[in-house]
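Q: Mind having a look at this structure? Questions to follow.
The values are calculated or read from the model by the stated rules, or taken from the named source; none is laboratory data. Worth saying up front: this structure is predicted, and the values here are computed from it rather than measured. All Cβ positions, glycine included, derive from the backbone under ideal geometry; neighbour counts span all protein chains shown. When the accessible area is computed, the model is the full protein with side chains, heavy atoms only, and any ligands, DNA or RNA have been set aside. Shrake-Rupley method; radii C 1.70, N 1.55, O 1.52, S 1.80 Å.
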Amino acid sequence: MKYLVIFISFFCSLVQAQEALEIEYEEVSIPRIIGKDGKEESLSSEVVKAFAVPKNYLLQINKGESVFTQIERVNNEQGLESVIILGVIGYNVSLDFNQNKMKQEWLIEHKKYLVTDTISTHYKYELTQEKSTYLGFDVKQAVVKYDDNNKSIIWYAPSLPKRFGPKEFINLPGLVLKVEGYQNGKIDPTYYLKATSVTTKDHLEFKKLFKAKEISKAEFEKLKADYDKQSSNENQGVDKD
């Protein structure tokens, strides 16, 4: 009977780890501006209102693979006019832990690239003994300390597929459901990225990344360096005028 219980527990864990999931997240980032005197500058209510409008994302997981995409939604509450952002910008990303490969959409000005690379952990996680519940799931805490005054607190669910998470918050022993960022030693978070729903799917069709030329991470870094150098030279020319 003991062996039967162990086998059933293992089988249930395996089925749970393989199930297809869709997780919706929302993200809010309120900037803090530090002046030359080292003191924090206040932001206008209009700026705070604009940044307080959440961005929405979808994480799809199935059989060791995931796709993380932004959900485009029209929001009439946004306080600032929409602007076209130029430069080097990263967008949606797909991960394949079976092959240890990733692809990410990037724009350099208006030109599209799909950058391929191996999957790597961006942060050094400190796993703590803190536990809680979120969206009905038991979660554990991990902490990333960027320096003495800035950190992220991450909550992950060990009962959900391991290693997956939103954005660069991956490779933890459970699915990342919530991230809170703290700046300049503040008590209240200035950033959060949190799941709003976790849905099991009988059939899941991954969102498609945009079609573009695939290049390696090394090739992309060279293109980015060339772009940064060109932009710097152009800005110096403007300053001289």
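Q: On the basis of being in contact with a strand residue (DSSP E or B) (Cβ under 6 Å, 6 or more places away or on another chain), part of a loop (DSSP other than H, G, I, E, B), modelled with pLDDT under 95 and not aliphatic (A, V, I, L, M), does Y91 make the cut?
A: Taking the combined requirement at face value, the residue does not satisfy it.
Q: Might you check whether a residue that is more than 15 Å from the chain's Cα centre (by Cα) and either outside any strand (DSSP E or B) or among the aromatic types (F, W, Y) (or both) occurs anywhere in the stretch 192-199?
A: Within the stretch 192-199, none of the residues are more than 15 Å from the chain's Cα centre (by Cα) and either outside any strand (DSSP E or B) or among the aromatic types (F, W, Y) (or both).
Q: Here is a list: V139, V143, V176. Which entry is touching a strand residue (DSSP E or B) at 6+ places or on another chain (Cβ under 6 Å), surrounded by 18 or more Cβ atoms within 10 Å (Cβ to Cβ) and without any contact (Cβ under 8 Å) to a residue 24 or more places away in the chain?
A: That would be V176, the only listed residue that is touching a strand residue (DSSP E or B) at 6+ places or on another chain (Cβ under 6 Å), surrounded by 18 or more Cβ atoms within 10 Å (Cβ to Cβ) and without any contact (Cβ under 8 Å) to a residue 24 or more places away in the chain.
Q: While we're on this one: Residues of the stretch 57-72 being in a strand (DSSP E or B) and open to solvent by 30 Å² or more (accessible area, probe 1.4 Å), which ones?
A: N62, E65, Q70, I71
Q: Applying the selection to the stretch 164-184, what residues are outside any loop (DSSP other than H, G, I, E, B) and under 15 Å from the mean Cα position of the chain (by Cα)?
A: Result: L175, V176, L177, K178, V179, E180, G181.
Q: I've got another one for you. Please go through the stretch 140-152 and pick out each residue that is closer than 22 Å to S29 by Cα and part of a strand (DSSP E or B).
A: Within the stretch 140-152, Q141, A142, V143, V144, K145, K151, S152 meet the criteria.
Q: To continue, here is another question. Exactly one condition in (1) under 25 Å from S197 (Cα atoms); (2) at pLDDT 85 or above; (3) open to solvent by 90 Å² or more (accessible area, probe 1.4 Å) is false for F51; which is it?
A: (2)
Q: Name the residues in the stretch 99-139 that are within 22 Å of A195 (Cβ to Cβ) and either outside any strand (DSSP E or B) or modelled with pLDDT under 95 (or both), would you?
A: I119, T121, H122, Y123, Y125, L135, G136
Q: Of the numbered conditions (1) under 21 Å from H110 (Cβ atoms); (2) open to solvent by 40 Å² or more (accessible area, probe 1.4 Å); (3) over 18 Å from the mean Cα position of the chain (by Cα), A212 satisfies every one except a single condition; which is it?
A: (2)
Q: Right, D226: surrounded by 10 or more Cβ atoms within 10 Å (Cβ to Cβ), modelled with pLDDT under 95 and acidic (D, E) or not?
A: It is true that D226 is surrounded by 10 or more Cβ atoms within 10 Å (Cβ to Cβ), modelled with pLDDT under 95 and acidic (D, E).
Q: Taking the condition in contact (Cβ under 8 Å) with a residue 12 or more places away in the chain, outside any strand (DSSP E or B) and over 30 Å from V53 (Cα atoms), does P161 pass?
A: No: the conditions fail for P161.
Q: I'd like the full set of residues that are among the polar types (S, T, N, Q) and open to solvent by 40 Å² or more (accessible area, probe 1.4 Å), limited to the stretch 146-170.
A: Hits for the stretch 146-170 are N149, S159.
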